[in-house]
Amino acid sequence: MRLDKWLAHAGLGTRNDVKALIRQGRVRVNDTVIRQPDVHVNVDHDRVICDDEAVRAPTRLVLMMHKPVGVVSARKDTWNRTVIDCLPKPMQRRDLHIAGRLDKDASGLLILTTDTALVHDIIAPKKHVYKTYDVVVDGRLPSREVFSKPRELKDGKNRPYTPHPPRIVRWEESAARVAVREGKFHQVKRMFKAAGAEVIALKRVAIGNLELGDLPEGAVRELVSQDIEALLMSDKED
Ligand code: URA
(Lines give C-alpha, C1' and ligand atoms only; values in the text may rest on other atoms or scores of the structure.)
Protein backbone atom coordinates (compact mmCIF):
# COMPACT_ATOMS: atom_id res chain seq x y z
CA MET A 1 0.00 0.00 0.00
CA ARG A 2 1.17 3.55 -0.70
CA LEU A 3 2.57 5.40 2.30
CA ASP A 4 0.18 8.35 1.91
CA LYS A 5 -2.79 5.98 1.78
CA TRP A 6 -1.67 4.22 4.97
CA LEU A 7 -1.46 7.54 6.84
CA ALA A 8 -4.82 8.73 5.53
CA HIS A 9 -6.43 5.41 6.57
CA ALA A 10 -5.07 5.88 10.06
CA GLY A 11 -6.89 9.21 10.21
CA LEU A 12 -3.86 11.52 10.05
CA GLY A 13 -5.57 13.79 7.54
CA THR A 14 -6.65 14.02 3.94
CA ARG A 15 -4.41 12.67 1.19
CA ASN A 16 -3.00 16.24 0.75
CA ASP A 17 -2.42 16.68 4.50
CA VAL A 18 -0.47 13.43 4.78
CA LYS A 19 1.56 14.16 1.63
CA ALA A 20 2.66 17.38 3.33
CA LEU A 21 3.67 15.46 6.48
CA ILE A 22 5.75 13.08 4.36
CA ARG A 23 7.45 15.88 2.41
CA GLN A 24 8.28 17.66 5.67
CA GLY A 25 10.34 14.58 6.68
CA ARG A 26 8.11 13.73 9.64
CA VAL A 27 7.43 10.16 8.56
CA ARG A 28 9.75 7.16 8.94
CA VAL A 29 9.35 3.65 7.62
CA ASN A 30 11.43 1.13 9.57
CA ASP A 31 13.68 3.95 10.89
CA THR A 32 14.30 5.56 7.50
CA VAL A 33 12.82 8.97 6.76
CA ILE A 34 10.74 8.74 3.57
CA ARG A 35 9.85 11.87 1.62
CA GLN A 36 7.97 10.32 -1.29
CA PRO A 37 4.23 9.80 -0.71
CA ASP A 38 3.99 7.06 -3.34
CA VAL A 39 6.53 4.70 -1.71
CA HIS A 40 4.99 1.27 -1.18
CA VAL A 41 4.87 -0.11 2.33
CA ASN A 42 3.91 -3.57 3.44
CA VAL A 43 0.93 -3.59 5.81
CA ASP A 44 2.04 -6.83 7.45
CA HIS A 45 5.79 -6.22 7.86
CA ASP A 46 6.64 -2.51 7.80
CA ARG A 47 6.49 -0.11 10.72
CA VAL A 48 5.39 3.44 10.04
CA ILE A 49 6.19 6.26 12.47
CA CYS A 50 5.01 9.85 12.32
CA ASP A 51 6.43 12.45 14.73
CA ASP A 52 7.88 9.59 16.82
CA GLU A 53 4.53 7.85 17.20
CA ALA A 54 3.71 4.49 15.59
CA VAL A 55 0.89 4.75 13.04
CA ARG A 56 -1.40 1.75 13.22
CA ALA A 57 -1.59 -0.44 10.13
CA PRO A 58 -4.85 -0.29 8.16
CA THR A 59 -7.13 -3.19 8.95
CA ARG A 60 -10.11 -4.61 7.14
CA LEU A 61 -13.19 -2.49 7.69
CA VAL A 62 -16.69 -3.91 7.26
CA LEU A 63 -19.66 -1.62 7.89
CA MET A 64 -23.40 -2.00 7.81
CA MET A 65 -25.48 1.06 7.07
CA HIS A 66 -29.18 1.78 7.12
CA LYS A 67 -29.31 3.59 3.80
CA PRO A 68 -32.01 6.25 3.75
CA VAL A 69 -34.23 6.89 0.73
CA GLY A 70 -32.79 9.68 -1.46
CA VAL A 71 -29.13 8.75 -0.93
CA VAL A 72 -27.26 7.13 -3.83
CA SER A 73 -25.19 3.93 -3.51
CA ALA A 74 -22.08 5.43 -5.07
CA ARG A 75 -18.74 6.73 -3.92
CA LYS A 76 -19.15 10.08 -5.70
CA ASP A 77 -22.07 11.89 -7.26
CA THR A 78 -22.34 15.41 -8.61
CA TRP A 79 -25.94 16.05 -7.56
CA ASN A 80 -26.91 13.65 -4.78
CA ARG A 81 -25.78 12.80 -1.27
CA THR A 82 -23.92 9.48 -1.38
CA VAL A 83 -23.64 6.66 1.14
CA ILE A 84 -20.00 7.71 1.63
CA ASP A 85 -21.18 11.23 2.58
CA CYS A 86 -23.26 9.59 5.36
CA LEU A 87 -20.11 8.17 7.06
CA PRO A 88 -18.00 9.79 9.77
CA LYS A 89 -15.02 11.63 8.22
CA PRO A 90 -12.20 9.12 9.06
CA MET A 91 -14.26 6.29 7.49
CA GLN A 92 -14.84 8.37 4.36
CA ARG A 93 -11.08 8.22 3.70
CA ARG A 94 -11.05 4.41 3.60
CA ASP A 95 -11.15 2.63 0.28
CA LEU A 96 -14.70 1.36 0.72
CA HIS A 97 -16.57 -0.78 -1.79
CA ILE A 98 -20.33 -1.28 -1.83
CA ALA A 99 -21.50 -4.89 -1.67
CA GLY A 100 -24.79 -4.80 -3.55
CA ARG A 101 -26.18 -1.39 -4.33
CA LEU A 102 -29.64 -0.16 -3.42
CA ASP A 103 -31.59 2.16 -5.70
CA LYS A 104 -31.85 5.82 -4.71
CA ASP A 105 -35.53 5.35 -3.82
CA ALA A 106 -34.84 2.18 -1.78
CA SER A 107 -33.69 1.99 1.84
CA GLY A 108 -32.23 -0.57 4.20
CA LEU A 109 -29.20 -2.72 4.81
CA LEU A 110 -26.09 -1.83 2.84
CA ILE A 111 -22.63 -3.33 3.37
CA LEU A 112 -19.52 -1.24 2.76
CA THR A 113 -16.08 -2.79 3.08
CA THR A 114 -12.41 -2.45 2.19
CA ASP A 115 -12.37 -6.21 1.49
CA THR A 116 -13.10 -6.85 -2.19
CA ALA A 117 -13.13 -10.65 -1.70
CA LEU A 118 -15.95 -10.19 0.82
CA VAL A 119 -17.86 -8.04 -1.70
CA HIS A 120 -17.62 -10.90 -4.17
CA ASP A 121 -18.82 -13.46 -1.62
CA ILE A 122 -21.89 -11.35 -0.82
CA ILE A 123 -22.97 -10.59 -4.36
CA ALA A 124 -21.98 -13.68 -6.36
CA PRO A 125 -25.18 -15.72 -6.93
CA LYS A 126 -23.13 -18.95 -6.68
CA LYS A 127 -22.51 -18.20 -3.00
CA HIS A 128 -26.26 -18.45 -2.31
CA VAL A 129 -26.37 -15.43 -0.01
CA TYR A 130 -30.02 -14.38 -0.02
CA LYS A 131 -30.99 -10.71 0.18
CA THR A 132 -34.35 -10.12 1.88
CA TYR A 133 -36.62 -7.21 0.97
CA ASP A 134 -39.81 -5.68 2.28
CA VAL A 135 -41.89 -4.57 -0.66
CA VAL A 136 -45.04 -2.48 -1.00
CA VAL A 137 -46.82 -2.44 -4.34
CA ASP A 138 -49.34 -0.10 -5.90
CA GLY A 139 -52.70 -1.84 -5.57
CA ARG A 140 -52.92 -5.55 -4.90
CA LEU A 141 -50.22 -8.19 -5.17
CA PRO A 142 -50.59 -10.96 -7.73
CA SER A 143 -50.86 -14.48 -6.33
CA ARG A 144 -47.70 -16.11 -4.95
CA GLU A 145 -47.82 -18.59 -7.84
CA VAL A 146 -47.91 -15.86 -10.47
CA PHE A 147 -45.02 -14.05 -8.79
CA SER A 148 -42.92 -17.21 -8.41
CA LYS A 149 -43.27 -18.33 -12.02
CA PRO A 150 -39.76 -18.38 -13.60
CA ARG A 151 -39.36 -15.46 -16.02
CA GLU A 152 -36.53 -14.08 -18.06
CA LEU A 153 -35.51 -10.55 -17.03
CA LYS A 154 -32.84 -8.11 -18.23
CA ASP A 155 -29.88 -7.06 -16.10
CA GLY A 156 -28.33 -3.58 -16.01
CA LYS A 157 -26.57 -4.22 -19.33
CA ASN A 158 -29.72 -5.52 -20.96
CA ARG A 159 -28.48 -9.11 -20.82
CA PRO A 160 -31.12 -11.78 -20.19
CA TYR A 161 -31.12 -13.91 -17.03
CA THR A 162 -33.69 -15.93 -15.14
CA PRO A 163 -33.57 -15.38 -11.37
CA HIS A 164 -33.37 -18.35 -9.06
CA PRO A 165 -36.85 -18.93 -7.54
CA PRO A 166 -37.42 -16.30 -4.85
CA ARG A 167 -38.28 -17.22 -1.27
CA ILE A 168 -41.56 -15.78 -0.07
CA VAL A 169 -41.39 -14.98 3.62
CA ARG A 170 -44.63 -12.98 3.88
CA TRP A 171 -47.40 -12.27 1.37
CA GLU A 172 -50.21 -9.84 2.21
CA GLU A 173 -52.66 -7.77 0.19
CA SER A 174 -50.18 -5.19 -1.07
CA ALA A 175 -47.04 -5.87 0.98
CA ALA A 176 -44.61 -8.76 0.94
CA ARG A 177 -41.27 -9.95 2.26
CA VAL A 178 -39.23 -11.84 -0.33
CA ALA A 179 -35.64 -13.06 -0.58
CA VAL A 180 -33.62 -13.31 -3.78
CA ARG A 181 -30.27 -14.87 -4.43
CA GLU A 182 -28.94 -12.50 -7.09
CA GLY A 183 -28.46 -8.75 -6.85
CA LYS A 184 -29.08 -7.57 -10.40
CA PHE A 185 -30.01 -4.03 -11.39
CA HIS A 186 -33.59 -3.23 -10.27
CA GLN A 187 -34.08 -6.96 -9.80
CA VAL A 188 -36.87 -6.95 -7.22
CA LYS A 189 -38.79 -4.15 -8.95
CA ARG A 190 -38.46 -5.98 -12.28
CA MET A 191 -39.59 -9.31 -10.77
CA PHE A 192 -42.76 -7.68 -9.44
CA LYS A 193 -43.32 -5.69 -12.63
CA ALA A 194 -43.07 -8.89 -14.68
CA ALA A 195 -45.80 -10.35 -12.45
CA GLY A 196 -48.00 -7.28 -12.99
CA ALA A 197 -47.30 -5.19 -9.86
CA GLU A 198 -45.47 -1.91 -9.44
CA VAL A 199 -43.17 -1.56 -6.42
CA ILE A 200 -43.72 1.74 -4.60
CA ALA A 201 -41.52 1.08 -1.55
CA LEU A 202 -38.52 -1.19 -1.16
CA LYS A 203 -36.40 -1.87 1.90
CA ARG A 204 -33.63 -4.46 2.30
CA VAL A 205 -34.04 -5.98 5.75
CA ALA A 206 -31.39 -8.73 5.70
CA ILE A 207 -28.41 -10.13 3.83
CA GLY A 208 -27.78 -13.80 4.61
CA ASN A 209 -28.66 -14.06 8.29
CA LEU A 210 -27.54 -10.53 9.12
CA GLU A 211 -30.60 -8.41 9.86
CA LEU A 212 -30.94 -4.65 9.64
CA GLY A 213 -32.71 -4.77 13.02
CA ASP A 214 -33.28 -1.44 14.73
CA LEU A 215 -30.26 0.38 13.29
CA PRO A 216 -31.65 3.90 12.78
CA GLU A 217 -31.93 5.36 9.28
CA GLY A 218 -28.60 6.89 8.21
CA ALA A 219 -26.67 5.14 11.00
CA VAL A 220 -23.66 2.90 10.49
CA ARG A 221 -21.97 0.27 12.61
CA GLU A 222 -18.78 -1.73 12.26
CA LEU A 223 -19.30 -5.47 11.91
CA VAL A 224 -17.49 -8.02 14.08
CA SER A 225 -16.61 -11.54 12.98
CA GLN A 226 -19.91 -13.11 14.16
CA ASP A 227 -21.81 -10.54 12.04
CA ILE A 228 -19.71 -11.42 9.01
CA GLU A 229 -20.39 -15.12 9.54
CA ALA A 230 -24.11 -14.35 9.67
CA LEU A 231 -23.80 -12.21 6.56
CA LEU A 232 -22.30 -15.06 4.54
CA MET A 233 -24.73 -17.64 5.81
CA SER A 234 -25.72 -19.52 2.72
CA ASP A 235 -28.32 -22.17 2.18
CA LYS A 236 -26.83 -25.11 0.35
CA GLU A 237 -30.27 -26.69 -0.10
CA ASP A 238 -31.27 -24.62 -3.08
N1 URA B 1 -33.94 -4.66 -6.31
C2 URA B 1 -34.35 -3.46 -6.77
O3 URA B 1 -35.21 -3.39 -7.63
N4 URA B 1 -33.80 -2.35 -6.25
C5 URA B 1 -32.86 -2.38 -5.26
O6 URA B 1 -32.42 -1.33 -4.81
C7 URA B 1 -32.46 -3.63 -4.79
C8 URA B 1 -33.00 -4.76 -5.32
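The values are calculated or read from the model by the stated rules, or taken from the named source; none is laboratory data. Not measured: the values here are computed from a predicted model. Backbone-built Cβ (ideal geometry, glycine too); neighbour counts: all protein chains shown. The area values use the complete protein model at the heavy-atom level, side chains included, leaving out ligands, DNA and RNA. Shrake-Rupley method; radii C 1.70, N 1.55, O 1.52, S 1.80 Å.
Summary table below
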| item | result |
| --- | --- |
| ASN209 versus THR59: modelled label distance in nm, points set 7 Å from Cα along the beta carbon direction | 2.4 |
| Residue (of VAL39, ASN16, ILE49) at the positive-pole extreme of the stretch 3-55, dipole from beta-carbon charges | ASN16 |
| Trypsin sites (Lys or Arg not before Pro) within the stretch 155-207, DSSP loop, no more than 11 other Cβ atoms inside 10 Å | LYS157 |
| Within the stretch 130-238, GluC sites (Glu not before Pro) in DSSP loop having at most 16 other beta-carbon neighbours inside 10 Å | GLU152, GLU172, GLU173, GLU198, GLU217, GLU237 |
| Computed log₁₀ I(q)/I(0) - Debye formula, equal Cα scatterers, no solvent, the stretch 26-133, q 0.12, 0.19 Å⁻¹ | -0.57, -0.97 |
| Convex hull volume per residue for the stretch 115-238, taking Cα atoms only, in Å³ | 127 |
| Accessible area expressed per residue, the chain, with surrounding protein chains retained (probe 1.4 Å, Å²) | 54 |
| Cβ-derived FRET efficiency at R0 41 Å, ASP52 paired with ALA124, nearest 0.05 | 0.35 |
| FRET E, pair SER148, ASP95, Förster distance 30 Å, beta-carbon r, rounded to 0.05 | 0.15 |
| Estimated dipole of the stretch 3-55 in Debye, rounded to 20 [Cβ of Lys and Arg +1, of Asp and Glu -1, Cα centre] | 220 |
| Environment charge at ASP227 (Cβ cut-off 11 Å; Lys +1, Arg +1, Asp -1, Glu -1) | -2 |
| Dimensionless Rg over Rh [the chain; C-alpha; Kirkwood] | 1.08 |
| Residue-count net charge about GLU198 - beta-carbon cut-off 10 Å; Lys, Arg +1, Asp, Glu -1 | +1 |
| HN-Hα J in Hz across the stretch 49-55 - Karplus 6.51, -1.76, 1.60, θ = phi - 60°, x for Gly and Pro | 10, 10, 6, 6, 10, 5, 9 |
| Nearest-20 debye value, the chain charge dipole, Cβ charges on Lys, Arg, Asp, Glu | 780 |
| J(HN,Hα) series, the stretch 156-162, from Karplus relation 6.51 cos²θ - 1.76 cosθ + 1.60, nearest Hz, glycine and proline x | x, 9, 6, 8, x, 7, 10 |
| Paramagnetic reach from ARG2 (point 7 Å along Cα→Cβ, amide N under 11 Å) across the stretch 20-41 | 37-40 |
| Where ILE111, ILE84 fall by accessible area, highest first, once all protein chains stay in place (1.4 Å) | ILE84, ILE111 |
| Per-residue SASA entry for SER225, accessible area with 1.4 Å probe, Å² rounded to 10 | 80 |
| Cα shape, the stretch 3-55, gyration tensor, a/c 1.5 rule | rounded |
| FRET efficiency for ARG167 and ILE34, using Cβ-Cβ distance with R0 set to 45 Å, rounded to 0.05 | 0.25 |
| Amide H partners (placed H, <5 Å) of VAL41, local residues excluded | ARG2, LEU3 |
